[in-house]
Amino acid sequence: MTKSNTHNLEEYINYWFENDGELRLKPETLRTYRSVINNHIIPDLGQLKLNKATSDILQKFFTRKQKTCGMETIKLIRIILNIIFGYAVKKNQIKQNPLAQVAVK
């Protein structure tokens, strides 16, 4: 994958799924993650460039989601995004995980 300034979050999630997620996660976990991604992450953040994801953008996203989603869904969204951003850091696509400074109540 080329540098992050050309890829949006949806593209990077798909890249992660194919290159890491499908290799490490159980089928049921993959189905759950895909559902959460398609219903909650991609509609709101899918077009966001990976290198433009900031803690402020993500904090606003979680604040909005907390008004319409249950805590279990919020936790799953956070877990998934943390995995994706962590993978991006590991692959030198971004310097740090922007989710690390986001508070979810």
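The values are calculated or read from the model by the stated rules, or taken from the named source; none is laboratory data. Please read these numbers as outputs of a predicted model, since none were measured by experiment. No Cβ is skipped: glycine too gets one built from the backbone with ideal geometry, and neighbour counts run over all protein chains shown.
Overview of results
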{"item": "First in the range 75-86 and surrounded by 15 or more Cβ atoms within 10 Å (Cβ to Cβ) and of a type in the set (Ser, Thr, Tyr), second anywhere and assigned to a helix (DSSP H, G or I) and modelled with pLDDT of 95 or more, Cβ under 8 Å, 6 or more apart", "result": "none"}
{"item": "Given (1) aliphatic (A, V, I, L, M); (2) within 22 Å of ASN8 (Cα to Cα); (3) free of Cβ contacts under 8 Å to residues at least 12 places away in the same chain, index of the condition MET71 fails", "result": "(2)"}
{"item": "Positions within the range 90-102 being under 15 Å from the mean Cα position of the chain (by Cα) and either loosely packed, with under 15 Cβ neighbours inside 10 Å or within 23 Å of THR68 (Cα to Cα) (or both), in sequence order", "result": "LYS90, GLN96, PRO98, LEU99, ALA100, GLN101, VAL102"}
{"item": "Residues of the range 38-51 classified as in a helix (DSSP H, G or I) and surrounded by 14 or more Cβ atoms within 10 Å (Cβ to Cβ), total", "result": "7"}
{"item": "Filter pass, LYS105 being within 21 Å of LEU50 (Cβ to Cβ), modelled with pLDDT under 95 and not in a helix (DSSP H, G or I)", "result": "no"}
{"item": "Members of the range 1-51 found to be farther than 15 Å from PHE61 by Cβ, in contact with a Leu (Cβ under 7 Å, 6 or more places away or on another chain) and small (Gly, Ala, Ser), listed by number", "result": "SER4, GLY21"}
{"item": "Single match in THR54, THR63, THR32 (criterion: under 16 Å from ASN14 (Cα atoms) and hydroxyl-bearing (Ser, Thr, Tyr))", "result": "THR32"}
{"item": "Complete set of residues in the range 66-92 that are polar (S, T, N, Q) and either assigned to a helix (DSSP H, G or I) or touching a His at 6+ places or on another chain (Cβ under 8 Å) (or both)", "result": "GLN66, THR68, THR73, ASN82"}
{"item": "Test result for ILE13, surrounded by 15 or more Cβ atoms within 10 Å (Cβ to Cβ), over 20 Å from VAL104 (Cα atoms) and either out of contact with any strand residue (DSSP E or B) (no Cβ under 6 Å at 6 or more places or on another chain) or modelled with pLDDT under 95 (or both)", "result": "yes"}
{"item": "Qualifying positions in the range 1-58 - touching a residue at least 60 places away in the same chain (Cβ under 8 Å), under 12 Å from LEU81 (Cα atoms) and of a type in the set (A, V, I, L, M, F, W, C)", "result": "LEU9, ILE13, TRP16"}
{"item": "Filter result for PHE62 (at pLDDT below 95, among the hydrophobic types (A, V, I, L, M, F, W, C), part of a helix (DSSP H, G or I) and closer than 23 Å to ALA100 by Cβ)", "result": "no"}
